[in-house]
């Protein structure tokens with residue numbers, strides 16, 4: 001079957017957890033964190049495709065395809081597929097983002113083989129015309145539902161403004177027009193190009209036999225074609241600007257700002273994450289104390305999201321529409337004083353909090369599988385959780401200052417949503 005890189009070279013901790021990697025001849029990559037002491041196992045098929053990889057005319061096809069995977073294969077009906085997951089007691093689901101699509105299951109170790117087989121089979125769906133037509137209505141209803149979510153409406157419009165003509169501006173769900181106009185033939189062409197073996201990572205975690213899992217995955221997926229599909233990860237030029245939306249359904253004021261930030265492959269992402277936390281974590285952050293605790297805003301937070309080639313800081317607040325200008329003024333004041341206001345004690349508390357969250361999240365095979373799959377899909381390399389926790393814990397004030405100097409959280413895009 002070939003050499004599995006990493007076997008015998010995995011790191012060890014209190015629980016003997018080891019990392020393994022194996023690549024099939026067709027390019028499909030299998031990665032795993034094996035933990036003999038775990039009480040469960042998890043498997044996820046990660047495809048390196050999402051809204052940013054779509055042509056504008058088929059925007060939303062990645063998310064639509066996610067739905068179609070659950071409609072069954074040529075041999076398995078949709079009902080039989082879902083019943084099989086239920087019968088094995090799996091907690092299974094899927095998600096689509098701008099940059100990846102994932103199908104996963106979390107189950108007992110003795111049922112992992114059955115779960116892997118079912119996931120692999122559903123990854124080659126029938127894509128029947130009647131299912132396509134039915135599911136199109138479901139997608140259109142989902143788009144309409146999200147139009148009732150003020151944050152989502154403002155976020156999508158602000159992202160479009162921020163990235164301009166770049167495909168990171170694409171809406172994951174697509175638009176009512178692109179979904180209405182989409183054909184099954186267009187979906188099939190997209191599937192054949194991007195759901196390729198060499199664009200797929202299978203992530204495993206928990207109590208499992210990695211060699212056995214690789215053999216089974218090769219039986220199931222070894223015939224999948226490789227297409228050599230790629231993605232342009234060049235840092236895009238940001239468009240940005242101001243936008244103001246009005247909606248008769250809202251009675252609050254919503255403000256969202258986006259700024260440039262480190263990309264996923266940038267080591268400064270750890271400092272960027274901490275800067276976003278100290279600025280706008282849900283509690284005990286600069287924006288919380290300046291806006292929420294003073295009663296000026298009902299909600300105020302900041303976040304950091306890294307992507308291929310670029311990243312973004314996001315600021316968000318909800319307040320009385322008449323006070324939104326004041327909210328924005330306070331936000332700018334907090335941004336201007338942020339880096340000088342961080343003390344060594346702040347940094348210790350913050351790194352401890354983030355490191356604890358990362359460690360707790362890594363105690364379940366389900367979370368480990370997602371972390372491993374996401375990292376490999378982005379970076380094609382393994383970073384042990386312990387190494388990331390150490391990296392976060394060792395961020396210094398100088399690291400924060402240097403990252404802030406390069407990415408000063410200076411909003412490029414500012415959007416508002418107000419009552420009509």
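The values are calculated or read from the model by the stated rules, or taken from the named source; none is laboratory data. Everything numeric here is computed off the predicted structure, so don't read it as measured data. Cβ sites come from the backbone with ideal geometry, for glycine too, and all protein chains shown count toward neighbours.
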message: Take the conditions crowded, with 17+ Cβ neighbours inside 10 Å, free of Cβ contacts under 8 Å to residues at least 24 places away in the same chain and touching a helix residue (DSSP H, G or I) at 6+ places or on another chain (Cβ under 7 Å) and apply them to residue 362. Does it pass?
response: yes
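How about region 125-145: which of its residues are in contact (Cβ under 8 Å) with a residue 12 or more places away in the chain and part of a helix (DSSP H, G or I)? Before the answer, list the steps.
Of the residues in region 125-145, the ones in contact (Cβ under 8 Å) with a residue 12 or more places away in the chain are 125-129, 131-132, 135-136, 138-140, 142-144.
129, 131, 132, 135, 136, 138, 139, 140, 142, 143, 144, listed by residue number.
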- prompt: Does region 66-82 contain any residue that is part of a strand (DSSP E or B), over 26 Å from residue 232 (Cα atoms) and either at pLDDT below 95 or assigned by TED's automatic domain parsing to the domain that holds residue 28 (or both)?
  reply: yes
message: Would you confirm whether or not region 39-51 contains a residue that is under 21 Å from the mean Cα position of the chain (by Cα), crowded, with 19+ Cβ neighbours inside 10 Å and assigned to a helix (DSSP H, G or I)?
response: yes
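Conditions tested, residue by residue: (1) in contact with a strand residue (DSSP E or B) (Cβ under 6 Å, 6 or more places away or on another chain); (2) buried (at least 19 other Cβ atoms within 10 Å of the Cβ).
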| position | (1), (2) |
| --- | --- |
| 101 | yes, yes |
| 110 | no, no |
| 122 | no, yes |
| 171 | no, yes |
| 176 | no, no |
| 183 | no, no |
| 188 | no, no |
statement: Of (1) in contact with a strand residue (DSSP E or B) (Cβ under 7 Å, 6 or more places away or on another chain); (2) under 30 Å from residue 157 (Cα atoms), residue 208 fails just (2)
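Identify all residues within region 331-345 that are more than 30 Å from the chain's Cα centre (by Cα) and either under 17 Å from residue 292 (Cα atoms) or not assigned by TED's automatic domain parsing to the domain that holds residue 395 (or both); write none if there are none.
First, pick out the residues of region 331-345 that are more than 30 Å from the chain's Cα centre (by Cα): 333, 337, 340-341, 343-345.
333 - this is the single residue of region 331-345 that is more than 30 Å from the chain's Cα centre (by Cα) and either under 17 Å from residue 292 (Cα atoms) or not assigned by TED's automatic domain parsing to the domain that holds residue 395 (or both).
Could you tell me whether any residue of region 171-194 is in a helix (DSSP H, G or I), without any contact (Cβ under 8 Å) to a residue 12 or more places away in the chain, within 29 Å of residue 255 (Cβ to Cβ) and not assigned by TED's automatic domain parsing to the domain that holds residue 310? Even if it seems obvious, please write down each step before you answer.
Of the residues in region 171-194, the ones in a helix (DSSP H, G or I) are 176-181, 184-194.
Applying the additional criterion that residues be without any contact (Cβ under 8 Å) to a residue 12 or more places away in the chain yields 177, 185, 189.
Checking the rest, the ones that are also within 29 Å of residue 255 (Cβ to Cβ) come to 177.
Now narrow it down to the ones that are not assigned by TED's automatic domain parsing to the domain that holds residue 310: 177.
Within region 171-194, one or more residues are in a helix (DSSP H, G or I), without any contact (Cβ under 8 Å) to a residue 12 or more places away in the chain, within 29 Å of residue 255 (Cβ to Cβ) and not assigned by TED's automatic domain parsing to the domain that holds residue 310.
Does residue 254 count as buried (at least 19 other Cβ atoms within 10 Å of the Cβ), touching a residue at least 24 places away in the same chain (Cβ under 8 Å) and either part of a strand (DSSP E or B) or not assigned by TED's automatic domain parsing to the domain that holds residue 316 (or both)?
On the way: buried (at least 19 other Cβ atoms within 10 Å of the Cβ): yes; touching a residue at least 24 places away in the same chain (Cβ under 8 Å): yes; either part of a strand (DSSP E or B) or not assigned by TED's automatic domain parsing to the domain that holds residue 316 (or both): yes.
Yes, satisfied.
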task: Return a yes/no flag: does region 201-220 have any residue that is farther than 30 Å from residue 38 by Cα and either more than 24 Å from the chain's Cα centre (by Cα) or surrounded by fewer than 21 Cβ atoms within 10 Å (Cβ to Cβ) (or both).
output: no
query: Has region 281-293 got at least one residue that is under 17 Å from residue 330 (Cβ atoms), more than 19 Å from the chain's Cα centre (by Cα), surrounded by fewer than 15 Cβ atoms within 10 Å (Cβ to Cβ) and modelled with pLDDT of 95 or more?
result: yes
Criterion: part of a helix (DSSP H, G or I), in contact with a strand residue (DSSP E or B) (Cβ under 7 Å, 6 or more places away or on another chain) and assigned by TED's automatic domain parsing to the domain that holds residue 374 - qualifying residue of 327, 354: 327
- prompt: Of the conditions (1) under 18 Å from residue 187 (Cα atoms); (2) within 20 Å of the chain's Cα centre (by Cα); (3) surrounded by fewer than 18 Cβ atoms within 10 Å (Cβ to Cβ), residue 64 fails just one. Which one is it?
  reply: (3)
- line: For region 388-420, the count of residues that are loosely packed, with under 14 Cβ neighbours inside 10 Å and more than 15 Å from residue 268 (Cα to Cα) equals 3
query: Within region 103-124, restricting attention to residues that are within 17 Å of residue 89 (Cβ to Cβ) and assigned to a strand (DSSP E or B), which residue is farthest from the chain's Cα centre (by Cα)?
result: 107
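Being touching a helix residue (DSSP H, G or I) at 6+ places or on another chain (Cβ under 7 Å) and at negative phi is the filter here, so list the residues in region 217-239 that pass it. Even if it seems obvious, please write down each step before you answer.
Let us first name the residues in region 217-239 that are touching a helix residue (DSSP H, G or I) at 6+ places or on another chain (Cβ under 7 Å), namely 217, 220-221, 224-229, 231, 236, 238-239.
Residues satisfying the conditions are 217, 220, 221, 224, 225, 226, 227, 229, 231, 236, 238, 239.
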